[in-house]
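Here the structure comes first, spelled out in structure tokens, and everything after it is commentary.
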Amino acid sequence: MKIKKERAAVPYSCLIDNIKVLLIFLVVFNHIIAFNLVKVDTVVRYVWYAITIFHMPAFVFISGYLSKKPQNVLKNFKNLLIPYVLGYTLTWYSQIWLGRSVDYEILRPTGSVMWYILALFIYRLTIEALGKIRFIVPLSILFALWAGTRSEFTTFLSSSRIVVFFPFFVAGYLWKSEYITAIRKFKGKWILVAISGVLLWAIPNYMIPNEMGIAIFRGNHGYQLCGLTDPQGVILRLLMYLVSFVVVYTMLALVPDIKLPLTYVGRHTMGIYFFHYPIMIIMNGLYILMLPAMNNVWVLLGVSLVFVLVLGSLPVDLLYTGVLNLIAFILIKKDKTVRDEGLEEEYDSEYDEYELLRRKKAIAELAATLDSESEQDGHMEKVNMDEDTPDHTSSDRHEGFSNVAGMELEIEEDNLDDIPDELIKGEEELSLEDLIQELEATTRTMDDNKEP
């Protein structure tokens, strides 16, 4: 009799790649219609709002899901930080090439799409620690809602966006392939489509007539700079989290988990993301996007598909990775290790030496005080705490030994004066007090032992 075993859940590679293809297409389409088409086509403007609500949150979620391996700082430096600098520079130069005066503000990556690369770099450096915090997803959502009320979170290093989109990254990081199996087996998964559709229709229909800007979904500014009151901003940002998570679950449940003609593009999305926006800036600067033919949504859908196919092709991917490898070869030394010179241990031992001398000096002063008091009372007595310890006569002791509470302590008197007074100031009283308490406890024990 054969026992049917439940197959262990495995990552859905084709599923994830297909979702990435869909999302990168929406990123390209959303950017190209933003130049002119949304200004002349009201229906497209509603679509623009709906896509902006979830497309980058979903991308960040997938990035978190693919970031489960232990992170290598050097690898992230090569794959993320170098592309961030190059991508921002390319976007900036595209403006300069068109004759525009634009400041090179690499620490404020506005006017480019490189904020996502910078955010991904920071997320991957911190996720292994932050991912261990209990209830990190709801806590990060609450923090992001609060951050919208604060002016400290700005475009500098994309701090506002990093905070706003972090809940999606950590949710993806904690998401397990078993959850995908469960959601794909859920019989009522088609209801997610209805919920997503209603929310994506209702929110733009509320915002656009009330002249609420789309900036709230980009997360680049606080509520006030987005033209909203704090309560309005909190509600809309909460709706963004709700809609985005529902759409992500819908895609995980319904996107085909098979190899499709465009599935291969899912492995080359970084090149598409890197090159598409500077090209669009140049096209717009040359008035190509202002042609009457470009004011047609179907034409721009086709143009977006061409962007995905060309920039996601193998030659472009080889060009992109080749440039990165060349720069990494120039900047990064291979197998370079730094010899441990033991400096930390050296400083620790130096501190321990001072601490030991300080304690010896304190004990010496206490011993001198106790000896003086004992001589005045005429009760000089030697106390031996350990019966197995051999007795020593006073003639066997050399200079520098003192008998305190039955223990012979060696005092390096020649070195005591070398300790700076400021090193032991403020700590000497505490040490003496501790020693006095220990001595009193020992004395009480001796007295109890003497009683018949």
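Summary table
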{"item": "Euclidean distance of C-alpha centroids, the range 217-292 and the range 139-153, integer Å", "result": "21 Å"}
{"item": "Rounded to whole Hz, the Karplus (6.51, -1.76, 1.60) HN-Hα couplings of the range 24-30, x for glycine and proline", "result": "5, 5, 5, 4, 5, 4, 5"}
{"item": "Global geometry of the range 56-156, whether rounded, prolate or oblate, following the gyration tensor of its Cα atoms and the 1.5 cut on a/c", "result": "oblate"}
{"item": "Only Lys, Arg (+1) and Asp, Glu (-1) charged, at Cβ; the range 1-133 dipole about Cα centre in debye", "result": "720 debye"}
{"item": "Compactness of the range 115-197 as Cα Rg over 2.2 N^0.38 Å, two decimals", "result": "1.32"}
{"item": "For the range 44-84: rounded, prolate or oblate by the Cα gyration tensor [a/c cutoff 1.5]", "result": "oblate"}
{"item": "Ranking by accessible area, most exposed first, for GLU152, GLU211 with a 1.4 Å probe", "result": "GLU211, GLU152"}
{"item": "Cα shape, the range 235-337, gyration tensor, a/c 1.5 rule", "result": "oblate"}
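The values are calculated or read from the model by the stated rules, or taken from the named source; none is laboratory data. Since the model is a prediction, treat every value here as computed from it, not as a measurement. Note: ideal-geometry Cβ built from the backbone for every residue, glycine included; neighbour counts use all protein chains shown. Accessible surface areas use protein heavy atoms only, side chains included; no ligands, DNA or RNA. Shrake-Rupley method; radii C 1.70, N 1.55, O 1.52, S 1.80 Å.
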